[in-house]
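Since every read-out is calculated from the coordinates, none of them should be taken as a lab result. Just so it is clear, the structure is predicted and the values come from calculations on it, not from any experiment. Positions of Cβ are generated from backbone atoms using ideal geometry, with glycine treated the same way; all protein chains shown enter the neighbour counts.
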Amino acid sequence: MTAAPWTTVARREIVTKLTDRTFLLSTFGLVVIIAGVLGVQAWLGSRTTEYAVVTSSAAAHRMAEKVETVAEASGDNLQVTLQAAAGDGVAKAAIEDGTADVWLREDGDGWVLTGREDVAAELRSAATTAIRDATLDANAEAAGTTVDALTRGSEVRTSVLDGDADRAGVAKAVGFALAMLFYLASFTFGLALANSVVEEKASRIVEIITTKIAVRQLLAGKVAGNLVLAFAQMALFVAVGLVGLTFTDYDRFLPAISGAVGWFVVFFVVGFGLLACLWAVAGALATRTEDVQTTSTPLTMLTLGVFFAALLTTGTTKVVLSFVPPFSAILMPMRVLEGTASWWHALVALAILVGAAALVVRAAARLYQRSLLQTQGRLTVRQAWSTPE
Amino acid sequence: MAQIEVIGLTRSFGELRAVDDVSFTVPGGILTGFVGGNGAGKTTTMRLIMGLLAAHGGEVRWGDEPMTTQVRRRIGYMPEERGLYPKQKVLDQLVYLGELSGMTAADAKASVLEHLDRFGLRERASERVEKLSLGNQQRVQIIAALMTTPDALILDEPFSGLDPSAVDSMADLLREHASRGIPVLFSSHQLDLVERLCDRLVVLAHGRVVATGTVEELRGRGPELYRLTLGGDAGWVRDVDGIHVHDVDGSTALVEPDDDSARQALLRAALERGDVVDFARQVPALSDIYREVTA
């Protein structure tokens with residue numbers, strides 16, 4: 001007993017793609033880009049900048065020590081080293097010859113930071129904080145009170161009713177990335193699928209194949225093969241992305257992301273399958289590769305529409321569309337990620353999506369079957385639907 | 001022995017009746033040639049037999065049963081417009097088609113290599129199909145149809161584009177398969193080839209079958225003609241009883257005797273009058289018959 005025909009077809013789709021240099025290069029290129037972007041982030045995040053602060057008085061030296069403490073606690077990978085100079089002239093000379101970056105001194109009733117050309121913003125902000133706190137403490141003590149007493153009741157905190165602010169930001173970024181991936185996968189694989197269908201049609205090998213296996217098996221095999229490939233490619237990108245993320249400061253959001261990614265996977269499979277069937281039909285309606293551009297225009301629009309709906313919709317529109325296929329394929333997992341949809345919302349949307357996919361598969365199989373052996377020019381959907389077998 | 005039977009097959013494309021009430025049989029064990037001009041309906045008939053098109057009337061039978069998908073899967077089919085993946089390697093492609101026909105990958109590979117050997121294409125096995133010459137692409141195509149040891153063969157123009165030696169090896173191969181007892185139907189517009197190879201002919205014109213039978217039967221359809229060549233003028237033949245004269249040209253006459261005795265009387269008369277250079281049955285060429293039946 002040999003394998004079911006569609007598995008043979010699917011295997012060929014996969015092997016052909018995996019030995020196609022263009023496909024491998026584009027996949028590799030994207031991995032390099034993702035790794036590169038995250039690498040730069042990680043490098044920027046982990047880079048420690050060091051500033052040498054020179055002082056010429058004991059009071060300034062004590063203040064510089066406070067600046068050092070604040071800088072190192074800031075989390076900006078800022079390091080401050082201290083130099084004590086014998087006098088103002090020596091300190092100034094140290095700035096001029098570059099052995100120190102900044103000269104901190106007291107001037108009248110304030111403090112001055114002197115650099116050679118400029119004073120780095122991060123150092124300035126650390127110094128400002130340290131000096132203000134120290135001065136406030138001193139002034140408060142002089143007035144017989146404390147800073148805490150003075151500032152009591154003035155603290156402003158932020159809060160968001162749905163979830164927390166951090167999570168919303170991360171949900172937005174991850175949702176955008178996943179929508180982008182879905183768009184990329186369904187567009188590139190969809191177009192490739194349409195082209196491979198028309199290739200079979202144009203070379204007439206489809207005549208040989210359909211005398212051997214049922215047209216549905218051919219369609220199923222092609223869709224399944226491309227689904228596996230798209231899925232594997234996306235998993236690779238996501239894996240590279242997640243591994244890359246652990247090297248950056250964003251790794252603290254990983255646990256929040258992972259649960260929603262599971263929903264995304266399920267919706268991706270069904271949504272991609274639905275769109276892939278339509279792409280196959282777009283290929284079957286064409287006779288030559290040049291026709292594919294025309295027959296696939298509505299699909300290109302639809303795929304773009306799904307992508308922009310994911311980016312731009314808000315409020316009620318977003319809630320409604322998150323149940324409407326094929327928009328739900330990306331909008332519902334995004335809402336789960338945001339925490340605005342619960343598991344049963346997702347299940348309902350998934351059920352609707354699966355139902356729609358089943359209908360689309362049936363219609364696509366009919367269109368595919370009837371247009372596959374028509375080789376006189378382009379067909380419209382209406383023609384293909386009513387063409388006798 | 002297995003046979004394919006086509007009964008009253010009809011198919012229209014819009015207003016055009018491409019195939020109109022076509023009936024014939026393709027018996028097992030012999031080669032059946034399918035002859036007809038461009039647009040006669042050969043390709044459409046073959047597609048109908050293979051189930052690639054649905055018939056608007058009539059049916060295709062496999063022995064005593066209606067033709068089914070299961071049976072069709074066991075038929076080696078070669079479409080008119082050569083279909084192969086241009087960018088896939090010869091071996092991979094043929095093994096894939098073998099697997100779709102239900103062979104295991106190992107069996108398919110063994111069969112493909114054997115056939116590639118036979119056509120002298122073994123060392124091209126790992127080349128892309130598009131790198132091969134058209135003739136070699138055609139050989140690969142034929143291998144696709146034969147590699148499964150099929151239960152029948154339906155081949156649309158298998159000889160077009162082949163050089164004479166390739167035609168011979170292809171013909172041997174087809175005979176070899178026919179000798180297994182399977183029905184073999186192939187179309188061709190090369191009448192001399194069909195005459196040389198075929199045991200049986202089906203002639204199609206304007207979507208209808210205009211003649212079927214063995215080459216001899218088709219020839220027998222016309223009048224029995226004899227050519228008489230004499231030493232002198234042949235004009236007197238016009239006056240012989242029981243002889244219908246088709247043509248007289250100097251010393252040569254083309255005649256149609258009413259019966260055997262009239263024929264013998266003619267020869268005796270000619271011998272009495274003098275020298276008889278030649279007296280022979282005039283067998284029409286298949287192309288003459290073809291022109292006659294499709295006119």
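Per-structure values
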{"item": "Top of A:101, A:148, A:133 by mean-square fluctuation, Gaussian network on chain A, Cα under 10 Å", "result": "A:148"}
{"item": "Order by protection proxy (mean Cβ within 10 Å, highest first), peptides A:339-345, B:53-59, A:183-189", "result": "A:183-189, B:53-59, A:339-345"}
{"item": "DSSP-loop chymotrypsin sites (Phe, Trp or Tyr not before Pro) across region A:42-136, with at most 15 other Cβ within 10 angstrom", "result": "none"}
{"item": "Region B:196-253 versus region B:61-103: alpha-carbon centroid distance in Å", "result": "43 Å"}
{"item": "Positive dipole terminus of the protein assembly as shown, leading residue within B:53, A:28, B:86 (C-beta point charges)", "result": "B:53"}
{"item": "Sequence ranges B:65-71, B:32-38, A:269-275, ranked by mean other-Cβ count within 10 angstrom, highest first", "result": "A:269-275, B:32-38, B:65-71"}
{"item": "Peptide-level mean, for A:211-220, of C-beta atoms on other protein chains within 10 Å", "result": "4"}
{"item": "Point-to-point label distance, residue A:43-residue A:28, nm (Cα→Cβ direction, 7 Å offset)", "result": "2.1 nm"}
{"item": "FRET efficiency, 1/(1 + (r/R0)^6) with R0 22 Å, evaluated for residue A:84 and residue A:129 via beta carbons", "result": "0.45"}
{"item": "Approximate spin-label separation residue B:282-residue A:109, in nm, with each point projected 7 Å along Cα-to-Cβ", "result": "13.7 nm"}
{"item": "Share of alpha-carbon pairs per 10 Å distance bin for region A:313-372, given as whole %", "result": "24, 42, 20, 12, 2"}
{"item": "Among the listed pairs A:222/A:318; A:17/B:109; A:17/B:89; B:42/B:131; A:222/B:109, those beyond 25 Å (Cα-Cα)", "result": "A:222/A:318; B:42/B:131"}
{"item": "Charged-residue dipole, Cβ positions (Lys, Arg, Asp, Glu), region B:3-220 about Cα centre, Debye nearest 20", "result": "460 debye"}
{"item": "Exercise: per-residue mean of other protein chain Cβ atoms within 10 Å, B:90-103", "result": "4"}
{"item": "Most mobile of B:269, B:144, B:253 in a GNM of chain B (Cα contacts under 10 Å)", "result": "B:269"}
{"item": "For residues of A:353-360, the mean tally of beta carbons on other chains within 10 Å", "result": "0"}
{"item": "Positive-pole candidate from B:16, B:167, B:106, dipole of region B:3-220, charges at beta carbon", "result": "B:106"}
{"item": "Contact order relative to length of region A:310-389, as percent, for alpha carbon pairs under 8 angstrom and 6 or more apart", "result": "21 percent"}
{"item": "Distance (nanometres) between label positions extended 7 Å along Cα→Cβ at residue B:214 and residue B:23", "result": "2.3 nm"}
{"item": "DSSP-loop trypsin sites (Lys or Arg not before Pro) across region B:145-230, with at most 15 other Cβ within 10 angstrom", "result": "B:180"}
{"item": "Cβ crowding within 10 Å averaged over residues, with B:9-19, B:108-118, A:209-219 ranked highest first", "result": "A:209-219, B:108-118, B:9-19"}
{"item": "Relative contact order computed over region B:3-220 (Cα-Cα under 8 Å; 6+ residues apart), in percent", "result": "32 percent"}
